[in-house]
Amino acid sequence: INADRIQYNTSSQQVEAVGNLKLRERYGEIRATKAAIDLEKRTGLFSEATLFRYENNLHLSGDLLEKTGKSTYHLENGKFTSCTTEEDEAPPWSIWSNDIKVDLSGYARLKHATFRIKDVPVLYSPYLLLPALVGNKSGFLFPEFSKSERSGTGIIVPFFISLTPSYDTTIYGGDYSKRGTVVGAEFRY
């Protein structure tokens, strides 16, 4: 833990830090303006914080970040992205929410979420469930919607299958109004 001012209570294992806080862990780091940390429980409350996880290049930031467990977090007025940018630059995409609960061994649950491109709101959802797992996990991917003169209106729903860390496949199934049912597959090594 690095900060401009740190106060450490040895009996209760509590740390209070203010100014340019940087907390490094094995899997990532947290930067904040101030924090109250319980070293024994591995929990803490961070103001104006940014969390960066090395494994999946995950950037979480918010007005208030609460580390609620070993790999669980709660953010108020936060956003997340997997894009690395300069400090004052907007990421190519991000998802903003006023209430984010993240379990890095499972999912992120967002309330009143907006998908943004360069900080411009594009889509809104009152509730959103996204995978936040470090590593790959099988499941449905975001559907693809299309419209063209040749194929008509269409929807393709991909299903991702994680075979190993080095192998995976995606199966595509869908329907076009003028062409009918379509099926495809992609294998990656």
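Quick look at the values:
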item: Residue of F46, F142, F159 that the Gaussian network model of the chain assigns the largest fluctuation, springs spanning Cα pairs under 10 Å; result: F142
item: Estimated D of the chain in µm² per second, where Rh is the Kirkwood radius over Cα pairs and Stokes-Einstein applies at 4 °C, 1.567 mPa s; result: 69 µm²/s
item: Theoretical gain in end-to-end length, K111 to I1 [0.36 nm per residue, Cα-Cα removed]; result: 36.5 nm
item: Net lengthening on full extension, R42/V120 (0.36 nm per residue, minus Cα-Cα); result: 24.5 nm
item: Distance between modelled label sites at S82 and S148, nm, 7 Å Cα→Cβ extension; result: 2.6 nm
item: Cβ-defined net charge surrounding H112, 14 Å radius [Lys, Arg +1; Asp, Glu -1]; result: +3
item: Intensity falloff of segment 40-135 expressed as log10 I(q)/I(0), Debye formula with alpha-carbon point scatterers, at q = 0.11, 0.19, 0.20 Å⁻¹; result: -0.29, -0.89, -0.99
item: Net charge, S162 excluded, C-beta distance under 11 Å - Lys, Arg +1, Asp, Glu -1; result: +1
item: Highest-fluctuation residue, P131, P165, P92 considered, GNM on the chain with Cα pairs under 10 Å; result: P165
item: Spacing of the two label points (7 Å from each Cα toward its C-beta) at N9 and R179, in nm; result: 6.5 nm
item: Cα→Cβ-extended label distance, 7 Å offset, between N56 and E29, nm; result: 2.2 nm
item: Segment S138-N20, extension gain: residue separation times 0.36 nm, minus the distance between their alpha carbons; result: 38.6 nm
item: Portion, in percent, of the accessible area of the chain that falls on carbon or sulfur, probe 1.4 Å; result: 54 percent
item: Mean Cα-pair separation over length for the chain, i.e. relative contact order, pairs under 8 Å, 6 or more apart, %; result: 9 percent
item: Dipole magnitude (debye, nearest 20) for the chain, charges at Cβ of Lys, Arg, Asp, Glu; result: 460 debye
item: R0 of 35 Å, Cβ-Cβ distance S71-I155: FRET efficiency to nearest 0.05; result: 0.50
item: Given K67/K111; K41/K67; K41/K70; K118/K147; K22/K101, the pairs whose alpha carbons are separated by over 20 Å; result: K118/K147; K22/K101
item: Using θ = phi - 60° and Karplus 6.51 cos²θ - 1.76 cosθ + 1.60, couplings along segment 59-73 (whole Hz; Gly, Pro as x); result: 10, 10, 9, x, 4, 9, 10, 10, 8, 9, x, 4, 9, 10, 9
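The values are calculated or read from the model by the stated rules, or taken from the named source; none is laboratory data. The model shown is predicted, which means the values in this text are computed figures rather than measured ones. Neighbour counts are summed over all protein chains in view; Cβ atoms, including those assigned to glycine, are modelled from backbone coordinates with ideal geometry. Accessible surface is based on the protein model in full, side chains and every heavy atom, while ligands, DNA and RNA are left aside. Shrake-Rupley method; radii C 1.70, N 1.55, O 1.52, S 1.80 Å.
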